[in-house]
Amino acid sequence: MISTSCSCSSSSGSIIPTRASAGLTNRTREVALGRELDLGEVREQLDHVRTLRFTPSEIIHLRGQTFYGQSGIFKEGYLETLRAFRMPDYELDVARDGQLDLHFDGLWWQTTMWEIPALAIVSELRARKIMRGMSRPELDILYARAKVKLYAKLERLRTLAELNLSDFGTRRRHAFLWQEHCILTARELLGERFTGTSNVHLAMKHGMEAKGTNGHELPMVLAALARQAQPGDAQALRQTQYKVLQQWQTEYRGNLLVFLPDTFGTTQFLEGAPQWVSFWTGARPDSKPPVEAGEELMAFWKRMGLGDQSIASGKLIIFADALDVGIDGHPPRGHDIVALARHFQRRVQIAFGWGTHFTNDFEGSHPRGADILRPISLVCKISSVNGHPAIKLSDNAAKAIGPAEEVKAYREIFGAAGVTSRPLNA
């Protein structure tokens, strides 16, 4: 999709490359990353990423790998482009409020590549900084406690006979080696019920399936382009959220047809969705409480004539926002996977993309304090497209992204049905 969506037509008919700016945002404002981290270390890691190139074996793997049952999803032209690809430059500083000011600017298909490496680097450097002053016995205690807690969570998940669980934890992981430990432990304990990882390198290394879904960036970019080309056309802006799905299904099919409805609000998306959207394999709700979101999706499919039993038509819901597993002495830090599985069992097919609290749960493990290694809510989002603001509204108003006046304008067009404001959870 990225390789086919990085240009647009001007009024004269010429093709204009789409440029995009993106930046890191720490939604946990009380943690001043710019003051906590050594900018030299951050710059060293970012510069190292810019030296990396796709290896021949990685290109071969991408060419031959099957993703969600579909092979050959990358065109040869795109794979050839990856051979010589180099990450674009970045801008790094400390903002006036003490936060890390990290931005990327360039061609859209290039700047988008920074999201996951940038997030993983900052998350791991923060963990390293905190642990640097710990003694060896303290480190032993830290990891022993974290391993016991991880094992207990996976043991509870083993009680779910029909579990479909994937690792979505790369972007906010504690560390690369810890993420690898987590996914290998999960595969050993859960067997075929642990179905893959969003980390393509680890998937290739350990013979797993690489998994993920499309994100908020695509509708944000198409909306920004429409807003720029047709600034007064509210209908054109509303239609971009379906236009991006049309482009996606032109490129992909089967189990890759999972839509993300909440970029500008799930309720308005489902109310205005054309019939063909209901034919997609499933959906990934994000910022709405998961039970509420799942019930709303099932009502949508029923309204579209797919019957009371969504499972009969093979519909799939992928939950991936703020998931966790409650265990004795440790209540879930987010939405409990076991409780969700039991709520929707035999009503619809469900899968889980477990992220932050899978690969970065060290709360209560540090011998000097329970919250010292609490993960933060760190995101990297597109901020502008061809110089025009890119907006995300979300089902949670606290997650809205963009200049206030533009967010307000979008809200007037898309409405606020089903939108609430809730505390952010990593």
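Every read-out reported here was derived from the displayed coordinates using simple, explicitly stated rules and does not represent laboratory data. No experiment lies behind these values; they were computed from the predicted model shown. Note that we place each Cβ from the backbone using ideal geometry, even for glycine, and neighbour counts take in every protein chain shown.
Remarks
- Separation between Cα centres of region 138-199 and region 270-285, rounded to whole Å: 32
- Listed cross-link partners Lys153/Lys211; Lys288/Lys315; Lys381/Lys408; Lys75/Lys302; Lys75/Lys399 are compared with a 25 Å cut-off, the Cα-Cα value being larger for Lys75/Lys302; Lys75/Lys399.
- In order along region 239-252, the phi-based Karplus estimate (6.51 cos²θ - 1.76 cosθ + 1.60, θ = phi - 60°) of 3J(HN,Hα) comes to 6, 4, 5, 9, 4, 5, 5, 4, 5, 4, 6, 5, 8, 10 Hz; Gly and Pro are listed as x.
- Taking θ as phi - 60° and the Karplus parameters 6.51, -1.76 and 1.60, the scalar couplings of region 147-160 work out to 5, 4, 5, 4, 4, 5, 5, 5, 4, 5, 5, 5, 6, 8 Hz in sequence order, x denoting glycine and proline.
- Look at the dipole of the chain built from charges on Cβ: of Phe414, Leu237, Gly133, the Cα furthest out on the positive end belongs to Gly133.
- Amide H contacts under 5 Å for Phe259: Gly282, Ala283, Arg284, restricted to partners 5 or more places along the chain or on a different chain, H placed in the peptide plane at 1.01 Å from N.
- Among beta bridges from DSSP that stay inside the chain, the antiparallel ones total about 60%.
- Centre separation in Å (Cα based) which lies between region 339-408 and region 66-111: 20
- All lysines inside 17 Å of Lys243 as judged from Cα atoms, apart from same-chain residues fewer than 8 positions distant: Lys392
- Net dipole in debye of the chain [+1 Lys, Arg Cβ; -1 Asp, Glu Cβ; about Cα centre; nearest 20]: 460
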